[in-house]
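Colleague: Supplied in structure tokens, the structure appears directly below.
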Amino acid sequence: MTSLKLFAWLTLLFPLAGCVTIALLGRRLPGRGAGYVGTGALVLSFAAAVATLLALLDQGHDHQQVVAVAYDYASSAGVDAELSLLIDPLSVFMILVVSGVSMLIHAYSISYMGSDRGYVRFFAYLNFFVFSMLLLVLAGNFLVLIIGWAFVGAASYLLISYWYRRTTATGAGIKAFVINVLGDVALVLGTFFIFAHVGTLDLLATFEQAREEFAPGDADLTAGVILLVVGAAAKSAQIPLHTWLADAMEGPTPVSALIHAATMVTAGVYLIARMHPLFELAPTAADVAAIIGVLTLLVAGTIAIAVTDLKRVIAYSTMSQIGYMIMGVSAGAYAAGLFHLMTHAFFKALLFMAAGSVIAAMAGQQNLDRMGGFRRAMPFTFGCMVIGGLALAAVPPFSGFFSKDEILLLMGDRGGWYWILYVAGYVGAFITGIYTFRMIFRAFCGEPVPEARALEEGHLHHAEVHTNPASGEVEDTDVGFPGPEHHIAEREPAMKLAMGVLALLAIVGGLVQIPKLTHVIDSFLEPTFEESALYHRELSDGLIGFGLVLGAVVGIAGVAVAYLIWVKNPDIATRMRAGLAPLHRLFVNKWYFDELIDALVTRPALWFGAWAQQTFERVFVNGLLVGGTTGVVRAGSSAVRAAQTGFLRYYALLIVVGMVALSLYFLLNA
């Protein structure tokens with residue numbers, strides 16, 4: 001038991017130690033020393049996570065929920081705030097995914113960020129981000145959970161705005177921060193609704209008390225859980241709080257991989273899975289979350305078909321895949337949703353790394369319209385992109401096929417209105433195959449662009465004039481901007497190693513959970529969800545067989561359609577864009593969510609702020625409160641000054657008058 005708690009604390013503290021070490025000593029380290037220190041901290045963290053797993057398995061099935069308390073932060077007025085960790089199969093599952101994938105992203109970053117002037121700062125931020133996410137998933141009570149939740153938002157702001165002299169990056173960071181703060185507020189308010197009834201902040205105690213305090217469908221609990229859903233939607237970029245995620249692509253590519261693969265956007269999925277006892281007592285809130293998930297997976301998929309920024313295509317695919325996970329864990333498919341979280345971490349980090357390699361070959365440009373023909377020039381990157389794409393498109397036997405289809409099989413098994421989610425999920429899977437291989441075919445097939453030809457001749461293209469890929473503005477390569485050099489996987493062993501490991505995991509990762517054959521994830525997570533009425537469900541052989549065949553056909557069909565349109569007959573894409581111009585415009589403009597939020601929220605808020613400043617603050621506060629008070633003081637002081645004549649007889653007369661007045665008062669009241 002002691003070793004289990006120690007290993008859990010070490011998993012959390014190694015990235016924090018790495019962050020502090022880099023921040024204090026990073027500039028004294030030679031060359032890429034900060035990168036090696038940051039990556040080493042994650043290697044140790046992952047090793048500690050593996051040790052935590054082994055120690056947890058030694059506890060036995062009935063003793064796999066352990067709380068490790070460092071100290072009591074506060075204990076008064078019914079508030080039991082402790083610095084505590086909850087070590088159970090769910091948290092251990094999450095720390096393995098977070099630390100493992102983050103370790104590979106750190107290794108990739110050693111080379112990818114090599115020429116950047118803020119190299120030391122980057123790795124300090126990266127370690128802090130991982131520490132924050134580990135704190136979130138290991139939290140033993142709501143207080144620590146909220147702290148980790150806020151830290152993740154702050155770290156994301158630092159990383160998205162990492163190139164702080166690029167205005168598009170700072171704007172994207174602020175946007176992400178504001179939306180995440182909205183989610184933070186919702187999480188705090190939801191916690192208050194629940195705490196007011198159960199009287200404890202401890203997670204396990206809350207779940208136990210909730211079953212006694214709340215009847216199914218209780219209004220207060222439903223309100224509190226819906227607020228938790230808002231928090232999850234903000235962090236995991238679900239409709240309508242999703243608009244920050246595509247803009248987050250303004251950060252360096254390793255940041256995109258870290259945010260989208262294993263850390264920030266999966267926090268909402270984890271939150272719903274962790275709070276499953278509350279969601280099962282508030283089925284309306286669970287249904288709301290499932291509907292949000294299915295809407296997001298469809299809307300994000302349609303946007304990904306139309307946008308031409310390479311990283312943004314992958315970003316919208318992340319939103320779509322998180323939609324599957326949110327739908328799954330909200331509808332009781334806990335193990336399936338978390339299984340997809342794991343496989344998605346593998347292939348999505350791989351896709352971002354491969355995209356980063358292509359962008360480096362393009363000297364920082366990200367527009368698919370300018371890419372093409374990189375297949376021969378970058379064979380390793382192409383192979384990794386295809387593997388990641390096949391896993392994302394859920395083509396068997398790649399990992400995404402097993403994890404995505406398990407979610408949909410469980411939707412079909414629940415029946416009723418969940419059949420709508422089942423059908424929508426397969427529609428989304430078909431769209432996924434199309435946009436994934438649209439991206440791959442456009443970047444790697446066709447006639448080689450000049451950058452690809454230069455690379456075939458052995459020359460990595462470096463632009464003489466560096467520009468912002470989003471705005472076209474000319475930029476320098478000094479501090480606060482991207483560095484002057486670019487690095488591709490074919491020439492950097494650290495990048496190739498990280499991508500190779502992820503490619504292998506994207507191929508074999510699904511084998512741990514094959515219907516009717518292997519149940520590793522189900523069995524491991526069972527102690528966390530043992531009391532759930534929705535966890536133990538046996539699927540019929542007919543549903544499994546039909547679902548697996550349908551999933552394979554849909555995934556392959558999506559790839560085939562993409563091949564037909566963008567390789568076999570590219571004129572089809574041009575004709576479709578012209579014939580479906582209104583629909584294309586809708587998708588390219590991201591369903592006008594940004595404009596809608598601007599009209600309904602941003603502009604009214606700015607108008608109200610201007611009105612308040614011009615009227616309320618200037619007239620009432622400055623004029624009446626501040627000006628009025630100072631006016632009264634000035635008048636009083638003037639009167640006092642006028643009375644101070646300096647003549648003794650006037651003072652004596654004033655004293656006599658005062659004494660007479662007091663005497664009359666007492667005589668009249670005697």
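Colleague: Among what's in segment 123-163 and is touching a residue at least 24 places away in the same chain (Cβ under 8 Å), of a type outside the set (A, V, I, L, M, F, W, C) and assigned to a helix (DSSP H, G or I), pick the residue that is nearest to Leu203 (Cα to Cα).
Modeller: Across segment 123-163, the extreme among qualifying residues is Gly153.
Colleague: Ok, one more. Which residues, counting only those in segment 392-436, are surrounded by fewer than 21 Cβ atoms within 10 Å (Cβ to Cβ) and at positive phi?
Modeller: Gly415, Gly416
Colleague: Still on this structure, I have one more. Within segment 508-529, restricting attention to residues that are of a type in the set (D, E, K, R) and farther than 12 Å from Leu338 by Cα, which residue is surrounded by the fewest Cβ atoms within 10 Å (Cβ to Cβ)?
Modeller: Only one residue fits best here, namely Lys516.
Colleague: Which is of a type in the set (D, E, K, R) and out of contact with any Phe, Trp or Tyr (no Cβ under 9 Å at 6 or more places or on another chain), of Glu492, Glu485?
Modeller: Glu485
Colleague: OK, next. Quick one: is Glu473 surrounded by fewer than 16 Cβ atoms within 10 Å (Cβ to Cβ) and out of contact with any strand residue (DSSP E or B) (no Cβ under 8 Å at 6 or more places or on another chain)?
Modeller: no
Colleague: Restricting attention to segment 505-540, which residues are in a loop (DSSP other than H, G, I, E, B) and in contact with a Pro (Cβ under 8 Å, 6 or more places away or on another chain)?
Modeller: Those that are in a loop (DSSP other than H, G, I, E, B) and in contact with a Pro (Cβ under 8 Å, 6 or more places away or on another chain): Glu526, Pro527, Thr528, Glu531, Ser532, Leu539.
Colleague: Moving to a separate point now. Here are some residues: Ala51, Ala107, Ala34, Ala124. Which one is more than 22 Å from Met353 (Cα to Cα) and of a type outside the set (Val, Ile, Thr)?
Modeller: The conditions single out Ala51.
Colleague: Oh, and also: What is the number of the single condition among (1) under 14 Å from Phe14 (Cβ atoms); (2) crowded, with 22+ Cβ neighbours inside 10 Å that Ala51 does not meet?
Modeller: Checking Ala51 against (1) under 14 Å from Phe14 (Cβ atoms); (2) crowded, with 22+ Cβ neighbours inside 10 Å, the one that fails is (2).
Colleague: Those residues that are among the hydrophobic types (A, V, I, L, M, F, W, C) and either surrounded by fewer than 18 Cβ atoms within 10 Å (Cβ to Cβ) or more than 17 Å from the chain's Cα centre (by Cα) (or both), I need them from segment 155-168; list them, please.
Modeller: The answer is Trp163, and nothing else.
Colleague: Give Val358, Val395 a once-over and let me know the one that is more than 30 Å from His462 (Cα to Cα) and of a type in the set (Val, Ile, Thr).
Modeller: Of the residues listed, the single one that is more than 30 Å from His462 (Cα to Cα) and of a type in the set (Val, Ile, Thr) is Val395.
Colleague: Can you spot a residue in segment 411-425 that is touching a residue at least 12 places away in the same chain (Cβ under 8 Å), of a type outside the set (A, V, I, L, M, F, W, C) and out of contact with any helix residue (DSSP H, G or I) (no Cβ under 7 Å at 6 or more places or on another chain)?
Modeller: Yes: one or more hits.
Colleague: Would you check if there is a residue in segment 88-111 being outside any helix (DSSP H, G or I), assigned by TED's automatic domain parsing to the domain that holds Thr206 and either without any contact (Cβ under 8 Å) to a residue 12 or more places away in the chain or not polar (S, T, N, Q) (or both)?
Modeller: Yes, because at least one residue in segment 88-111 is outside any helix (DSSP H, G or I), assigned by TED's automatic domain parsing to the domain that holds Thr206 and either without any contact (Cβ under 8 Å) to a residue 12 or more places away in the chain or not polar (S, T, N, Q) (or both).
Colleague: Test Ala246 against the stated conditions and say whether it is small (Gly, Ala, Ser), in the same structural domain as Met275 (by TED's automatic domain parsing), more than 21 Å from the chain's Cα centre (by Cα) and surrounded by 17 or more Cβ atoms within 10 Å (Cβ to Cβ).
Modeller: Taking the combined requirement at face value, the residue does not satisfy it.
Colleague: How do the pairs read when you match residues in segment 188-200 that are more than 15 Å from Ala219 (Cβ to Cβ) with residues anywhere that are assigned to a loop (DSSP other than H, G, I, E, B), using Cβ under 9 Å and keeping only pairs 6 or more apart or on different chains?
Modeller: Thr191/Leu201; Phe195/Gly78; Phe195/Leu201; Val198/Phe214; Gly199/Gly78; Thr200/Gly78
Colleague: Residues to consider are Gly60, Gly31, Gly38; find the one that is assigned by TED's automatic domain parsing to the domain that holds Leu505 and in contact (Cβ under 8 Å) with a residue 24 or more places away in the chain.
Modeller: Within the list Gly60, Gly31, Gly38, the selection yields Gly38.
Colleague: Go through (1) within 15 Å of the chain's Cα centre (by Cα); (2) under 30 Å from Val198 (Cβ atoms) and name the single condition Ser317 misses.
Modeller: The failed condition is (2).
Colleague: Could I ask something else about it? Is it the case that some residue within segment 592-603 is assigned to a loop (DSSP other than H, G, I, E, B) and surrounded by 14 or more Cβ atoms within 10 Å (Cβ to Cβ)?
Modeller: no
The values are calculated or read from the model by the stated rules, or taken from the named source; none is laboratory data. None of these values were measured; they are calculated from a predicted model. Heads up, the Cβs are rebuilt from the backbone with ideal geometry, glycines too, and the neighbour counts pull from every protein chain shown.
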